[in-house]
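Asker: I am attaching a structure below and will ask some questions about it afterwards.
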Amino acid sequence: MLGFLIQRLLQAVAVMVVISVLVFVGVFAIGNPIDVLIAPDATQDIRLDTIRRYGFDQPLWKQYLNFAASLVQGDFGRSFVFNMPVLQLILSRLPATLELTLVAVIGATIIGVPLGMYAGYRPNAVSSRAIMGLSVLGFSLPTFWIGILFIMGFAVELGWLPAGGRGDTVEVWGIQWSVLTLNGWSHLVLPALTLSLFRMALMIRMARAGMREAMLSDYVRFARAQGISDSKVIFGHVLKNISIPLVTVFGLELAATMAFAVVTETIFSWPGLGKLIIDSIQSLDRPVMVAYLMLVAFLFIMINFSVDIAYAALDPRVRSGRT
Amino acid sequence: MRRDASPFLRFWIEFAENRLALLALGVVILVVGAALMAPLFTPQDPYDIGKLVLGDARRPPGHVGSGGYVHLLGTDAQGRDLWSAILYGLRISIQIGITAGAVAFIVGGSLGAIAAFAGGRTEALIMRFIDLQLSFPAILLALVISAILGQGKWQLTVALVASQYAYFARTAHGAAVAERAKEYIEAALSTPLSSRVVVFRHILPNCMPPLIVVATVQIANAISLEATLSFLGLGLPVTHPSLGTLIANGFQYMMSGRYWISIYPGIALIVLILAVNLVSDQIRDQLNPRLQR
């Protein structure tokens, strides 16, 4: 197990280095940041001075090394637009995104898995077909369109829920949370539902496929032959067996959902990271873009890593390398 | 079913058994046809800025504008006839979706097949990179690339290809590895055929069924991704609105009850994506050997 752990850890570090190079070079190609930093009527001296101060006169590989060195020390540089440390900026926006993502993914799991299991248990029932129809819709509708429909229906026509913003927040450990107030929830429901519909469709499909396969397997037939009730078979045996792929999807989707939150946050003007990255792309705020992409990459790698470890813990065959 | 029927005919007969898929195919053909022949069915060229009258802007459906004809679906913020703008927008969406899908198909398919054929280090390197990319959400990659390249049709296509070719490569690789181990490839390799011929004339054609399935899914995805990027302001410019741009432009007027600017282009988009998905579902079921009776 220890060897496995070290091997995966080394892999993760290598991938992180490769991504940091790609991100740096990629973002470097966007526009000329000097135009954002200096007023157009600045003198040549100020121009050159600024270029030197930000290190733009150095060759690309040197800039990368400087960037990597400060990155290791936890310094992501300063935002060109907000003129504050990027790390601080991102950390101030992170809770809103985290909150939205967690509510969306947990909601999708709590609703999607039972629905999918039911659809797999009774594959031909009308209700199961309706559930699968719902999942096709969840897959097909682009996120932004779902959001628009929700705003249109619940905010404009019915006027039940607000169309944007975060609502009242409560401060816990210096961080603002919307999930702790009723008003915050009323702001959270629509964006979270928008974000979760695709994940829910995925969970439904996975749970249904796993359930169908499991119900035909020998262990279920045996358990049934012993006279154990269906509910005991399903919740005692089947759930455990279909949970491995579901755990993987849950973990992977957590990170993917954070990335997709870009769209949802823009529609509902949710003040999270996604809105920040769209704004910074439009204003060529390089340090913010680099830091955001590195953060997302880091999250992805960490989650992949944890899923690998969880897999190894759940499935002894993976641990010993016998796949 | 007749036994002497050609494979294509047999495929078609089986396809036609699913009424929903048949209906969806009809919708796809109708929408694509209408979009291709857009100038014939539309009263206005929405890209001709000289013809746009600002006095006609944001009029509800049924309004008779200064052009003397009825705006069936109303007008947008620039005074465009929405019905015309939707058909022209569909044209762009379909064009980009198919181009991106086809290029991603060719690039990804070849890359996957070459990796499987080459084996060893080349394979490990290519597939590592592709796995790495697949673990990253496509939308984020497309977002960053279109931010780097800027607005425009081909920039958008490049961004879509870059974020989608990996799916084709993964699928082609999986299929090609299975084909590579078969005897006919061994036989082909024992003849003095160049490896290029073996890869592209022998291996790749046999990897087609799964690749076609991925292609149908990815074309729908490309259309949806294009709309999303345009909605976020990173896709196509306002002067040549795609469906996503139209929806984005109408979004700000929705709060004041002018629903039609966003809703109608959105409905067109959904109908197209849903129909393509239903068709691809049926094709997937038919091409999946595990579901064969």
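The values are calculated or read from the model by the stated rules, or taken from the named source; none is laboratory data. As the structure is a computational prediction, the values presented were derived from the model and not from experiment. Reconstructed Cβ throughout: ideal geometry from the backbone, glycine too, with neighbour counts over all protein chains shown. Areas reflect the complete protein model, heavy atoms only, side chains present, ligands, DNA and RNA absent. Shrake-Rupley method; radii C 1.70, N 1.55, O 1.52, S 1.80 Å.
Asker: Taking B:S194, is it touching a residue at least 60 places away in the same chain (Cβ under 8 Å), under 30 Å from B:H173 (Cα atoms) and either open to solvent by 20 Å² or more (accessible area, probe 1.4 Å) or hydroxyl-bearing (S, T, Y) (or both)?
Answerer: Criteria not met by B:S194.
Asker: Can you tell me which of (1) over 17 Å from A:S140 (Cα atoms); (2) at the interface with another protein chain (Cβ under 10 Å from one of its Cβ atoms); (3) within 13 Å of the chain's Cα centre (by Cα) is the one B:S256 doesn't meet?
Answerer: Exception for B:S256: condition (3).
Asker: Is there a residue in the stretch A:273-286 that is more than 27 Å from B:S224 (Cβ to Cβ) and touching a Ser or Thr at 6+ places or on another chain (Cβ under 7 Å)?
Answerer: Yes: one or more hits.
Asker: For the condition away from chain B (no Cβ under 14 Å), in a helix (DSSP H, G or I) and either open to solvent by less than 20 Å² (accessible area, probe 1.4 Å) or hydroxyl-bearing (S, T, Y) (or both), what is the one hit in A:A130, A:A108?
Answerer: A:A108
Asker: Quick check on the stretch A:260-269. Is at least one of its residues open to solvent by less than 30 Å² (accessible area, probe 1.4 Å), within 14 Å of another protein chain (Cβ to nearest Cβ), under 23 Å from the mean Cα position of the chain (by Cα) and at pLDDT below 80?
Answerer: At the first step, the residues of the stretch A:260-269 found to be open to solvent by less than 30 Å² (accessible area, probe 1.4 Å) are A:261-265, A:267-268.
Applying the additional criterion that residues be within 14 Å of another protein chain (Cβ to nearest Cβ) yields A:261-265, A:267-268.
Filter once more, so that each one left must be under 23 Å from the mean Cα position of the chain (by Cα): A:261-265, A:267-268.
Then drop every residue that is not at pLDDT below 80, which leaves none.
No: the stretch A:260-269 contains no residue that is open to solvent by less than 30 Å² (accessible area, probe 1.4 Å), within 14 Å of another protein chain (Cβ to nearest Cβ), under 23 Å from the mean Cα position of the chain (by Cα) and at pLDDT below 80.
For (1) of a type in the set (S, T, N, Q); (2) modelled with pLDDT of 75 or more, each residue gets a yes or a no:
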| site | (1), (2) |
| --- | --- |
| B:L23 | no, yes |
| B:G26 | no, yes |
| B:V31 | no, yes |
| B:L36 | no, yes |
| B:L54 | no, no |
| B:P61 | no, no |
| B:S66 | yes, no |
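Asker: Specify which of the listed residues (A:L284, A:L254) is within 13 Å of chain B (Cβ to nearest Cβ), part of a helix (DSSP H, G or I) and either among the charged types (D, E, K, R) or open to solvent by 20 Å² or more (accessible area, probe 1.4 Å) (or both).
Answerer: That would be A:L254, the only listed residue that is within 13 Å of chain B (Cβ to nearest Cβ), part of a helix (DSSP H, G or I) and either among the charged types (D, E, K, R) or open to solvent by 20 Å² or more (accessible area, probe 1.4 Å) (or both).
Asker: Identify, from the list A:F76, A:F28, the residue that is open to solvent by less than 70 Å² (accessible area, probe 1.4 Å), away from every other protein chain (no Cβ under 14 Å), modelled with pLDDT under 75 and within 27 Å of A:I278 (Cα to Cα). Steps first, please.
Answerer: Values: A:F28 fails: away from every other protein chain (no Cβ under 14 Å).
Going through A:F76, A:F28 in turn, the sole match is A:F76.
Asker: Restricting the stretch B:234-247 to residues that are facing chain A (nearest Cβ under 9 Å) and in contact (Cβ under 8 Å) with a residue 24 or more places away in the chain, which is surrounded by the most Cβ atoms within 10 Å (Cβ to Cβ)?
Answerer: Here is the first cut: in the stretch B:234-247, the residues facing chain A (nearest Cβ under 9 Å) are B:234, B:244, B:247.
Those still in the list that are in contact (Cβ under 8 Å) with a residue 24 or more places away in the chain too: B:234, B:244.
Details: B:L234: 24, B:G244: 32.
Step by step, filter the stretch B:234-247, then rank; the result is B:G244.
Asker: Would you be able to tell me the number of residues in the stretch B:248-267 that are of a type in the set (A, V, I, L, M) and open to solvent by 10 Å² or more (accessible area, probe 1.4 Å)?
Answerer: Selection size over the stretch B:248-267: 4.
Asker: Hey, could you check the stretch B:126-169 for residues that are outside any helix (DSSP H, G or I) and either open to solvent by less than 30 Å² (accessible area, probe 1.4 Å) or without any contact (Cβ under 8 Å) to a residue 24 or more places away in the chain (or both) and say which is farthest from the other protein chains (Cβ to nearest Cβ)?
Answerer: Within the stretch B:126-169, the match that is farthest from the other protein chains (Cβ to nearest Cβ) is B:G152.
Asker: Further, regarding this structure: Have a look at A:I244, A:I277 and point out the one that is without any contact (Cβ under 8 Å) to a residue 24 or more places away in the chain and either in contact with an Asp or Glu (Cβ under 9 Å, 6 or more places away or on another chain) or crowded, with 23+ Cβ neighbours inside 10 Å (or both).
Answerer: Of the residues listed, the single one that is without any contact (Cβ under 8 Å) to a residue 24 or more places away in the chain and either in contact with an Asp or Glu (Cβ under 9 Å, 6 or more places away or on another chain) or crowded, with 23+ Cβ neighbours inside 10 Å (or both) is A:I277.
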